[in-house]
Structure formats: structure tokens, C-alpha cells
Amino acid sequence: MIPPETKFLIASGQGSERALIDDILGDRGYRRRTLVDNGPKALAVLAAQTPFFVLAAWELPELGGLRLAKEIRRMPHGRNHPVVLVVPEYNESEKNMAEGAGVTGFISRPITRSSLIDRVHGFLAKAVESGWPERALDRAERLADMGRDAEALDEYQRALSQGRRRMAGLQT
């Protein structure tokens, strides 16, 4: 089951593409959608909130989609974001570069309602099966139980950081 509360970040320099993706996801009942028109804005959103399913254009202004994926994967909670690039078409070398950057997958243009929903649901199903969006504290406890202490410590630190941000928001 795909959670309807899934948060989407739609990043594209083309307003019509952002609107199309936003409309399609909205029609399918996904209400939590954030739209940005460049890479730095996408990073700012991701730094402030988590987790998101990221749909970004390959040729995103100011920070391309491939570079955005690399930056997301460098973030403390970056491996928790499915990152899908919207591409005109891709060849094998681009696919290899994208996989090396941690891209989850691709959606090819032209975007149609059925192609977008099929691809998004496929990626979401895989992400949910793997435990996304799993809370950092839950993941930390599971990793500690598995004896993966260093990874567990990273997750505990993420949970603490997220808790501090939430508390700061409650106090203002």
C-alpha cells in the first residue's frame, strides 16, 4: 500500500512540467507536494524537512538533476530520499552516471498520466518495501539490534537532530 501522506518534491525549471506532475499526483490523492524551480531551492527544502520522494529534471537550473542527486546523497538523511530524474531520453553512459550518483530511476519525457503514475508507484512500492519512510529512531534501533553500531549511531544523531528541529518549531 502506498501511503497517501507521501511527500513529493517536484523540481523542474519548466513551469509547465512542474504543473503537469503536480496535477497528476494531486489527482491521485497525493496532497503533500512541494514545487521548486531550481536545484538550490530543492536542497533547501530537503535540508529543512524529511523524507521526500524527489522528482527532478535532469537539466534543472543552477544545479542539475544529477548533481542534485549527488548532493542529496551527501546529506545526513540523504539515503532516505528516493530520487527520480525526469529525462528527455537517456543513453547507457548517462544511466551509469546516474546510478553512480545514487539516482533511484528515470521517468522519460513526454510525461503522460499513466507513465508517471506507473513509474512513481513502482518506485514507491520498492521504497516502502525497503522501509521508507522509516523514522530515524526506528532505523537506529534496528541497526543496533543487528550489531551495526556505527550506522546506528548516525541514525540516532539524525533522530536527535530532527527532534531538536521539531522542538524549535514548537517553541517559536
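Here are some residues: Glu129, Glu94. Which one is among the acidic types (Asp, Glu) and either surrounded by 12 or more Cβ atoms within 10 Å (Cβ to Cβ) or in contact with a Gly (Cβ under 9 Å, 6 or more places away or on another chain) (or both)? Spell out the reasoning first.
Numbers: Glu129 fails: either surrounded by 12 or more Cβ atoms within 10 Å (Cβ to Cβ) or in contact with a Gly (Cβ under 9 Å, 6 or more places away or on another chain) (or both).
Checking each option against the conditions leaves just Glu94.
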Within segment 31-56, the residues that are closer than 22 Å to Ser114 by Cβ and open to solvent by less than 10 Å² (accessible area, probe 1.4 Å) are Phe53, Val54, Leu55, Ala56
* Asked: Hey, any hits in segment 10-29 for a residue that's open to solvent by 30 Å² or more (accessible area, probe 1.4 Å), assigned to a helix (DSSP H, G or I), of a type in the set (A, V, I, L, M) and touching a residue at least 60 places away in the same chain (Cβ under 8 Å)?
  -> yes
So, first residue in contact (Cβ under 8 Å) with a residue 60 or more places away in the chain in segment 103-128, second residue in a helix (DSSP H, G or I) and open to solvent by 50 Å² or more (accessible area, probe 1.4 Å), Cβ within less than 7 Å, six or more apart or across chains; the pairs are Ile111/Leu20
Checking Arg79, Arg142 in turn, the sole residue that is open to solvent by 50 Å² or more (accessible area, probe 1.4 Å) and under 15 Å from the mean Cα position of the chain (by Cα) turns out to be Arg79
Looking at the structure I just gave you, is Leu60 farther than 27 Å from Glu151 by Cα and open to solvent by less than 20 Å² (accessible area, probe 1.4 Å)? yes
Out of (1) in contact with a His (Cβ under 9 Å, 6 or more places away or on another chain); (2) of a type outside the set (S, T, N, Q); (3) farther than 14 Å from Val86 by Cβ, the one Arg32 does not meet is (1)
- request: Report yes if some residue within segment 14-24 is at pLDDT 90 or above and either touching a Cys at 6+ places or on another chain (Cβ under 6 Å) or within 15 Å of Met75 (Cβ to Cβ) (or both); otherwise report no.
  value: no
Ala69 fails exactly one of (1) more than 13 Å from the chain's Cα centre (by Cα); (2) over 15 Å from Ile24 (Cα atoms); (3) open to solvent by less than 70 Å² (accessible area, probe 1.4 Å), namely (1)
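The values are calculated or read from the model by the stated rules, or taken from the named source; none is laboratory data. All values derive from a computational prediction rather than experimental measurement. Please note: Cβ atoms are built from the backbone with ideal geometry, for glycine as well, and neighbour counts cover all protein chains shown. These area figures cover heavy atoms from the full protein model, side chains too; ligands, DNA and RNA do not enter into them. Shrake-Rupley method; radii C 1.70, N 1.55, O 1.52, S 1.80 Å.
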